[in-house]
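Remarks on the structure that follows.
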Amino acid sequence: MSYFVLHNLRQSHFLLKFLFRGGIVRDHTKLRAFVLADELLLKIYQITKKFPREEQFGLTSQMRRAAVSVLSNIVEGCARESLAEYCRFLEIAFASLRELHYQVSLATRMEYLNENPDVLPNLNINEVEKVLGSLLRAVRKIRPTA
């Protein structure tokens with residue numbers, strides 16, 4: 001088979017996957033990762049309201065920005081045309097989620113979250129990481145290789 005035919009077959013395969021979305025949901029509101037991250041964002045805003053005032057422009061701001069970044073990157077990735085771009089934005093969202101996970105751990109060690117021991121299990125950061133990580137792996141599997 002010639003390079004031209006093989007290349008066109010790959011392009012056609014990619015176009016079919018793109019047109020039919022390869023079974024991947026591109027409406028962010030239907031993604032479980034988005035729904036869970038949205039719930040997490042609301043919880044982060046609630047718990048950071050109780051942080052000390054001196055953390056308003058420090059840890060409070062950083063945690064809120066990281067939580068918003070997770071959602072913003074999922075939404076922007078869904079709006080992108082190519083699977084490669086979609087994957088890249090999911091990677092950024094996952095990195096922001098890992099950043100948030102560390103910040104929650106830091107807030108716990110600084111005893112900002114120790115007042116209410118029920119807060120940490122209710123955050124479900126691990127579940128969001130698992131779901132977003134699974135989505136990212138699924139997109140990587142169907143992403144065309146150049």
Gain in span if fully extended, Y45 to E85, counting 0.36 nm per residue against the direct Cα distance: 11.5 nm
Go from 0 up to the bin containing the longest alpha carbon distance in the stretch 26-142, width 10 Å each, and give me the % of pairs per bin. 14, 47, 26, 11, 1
What distance in nm separates the simple spin-label points at K30 and N124, each placed 7 Å from Cα in the Cβ direction? 2.0 nm
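Defining a contact as two alpha carbons under 8 Å apart and six or more residues distant in sequence, what relative contact order in percent does the stretch 26-142 show? Before the final figure, lay out each step's value.
Numbers: 101 pairs, mean separation 36.2, N = 117.
In percent, rounded to a whole number, it is 31.
What pairs from K49/K130; K30/K50; K30/K141 go past 23 Å between their alpha carbons?
Numbers: K49/K130 27 Å; K30/K50 32 Å; K30/K141 20 Å.
Check vs 23 Å cut-off fails for K49/K130; K30/K50.
FYI, it's all coordinate maths here, none of it is from the lab. Since the model is a prediction, treat every value here as computed from it, not as a measurement. With ideal geometry, Cβ positions are generated from the backbone for all residues, glycine too; neighbour counts draw on all protein chains shown.
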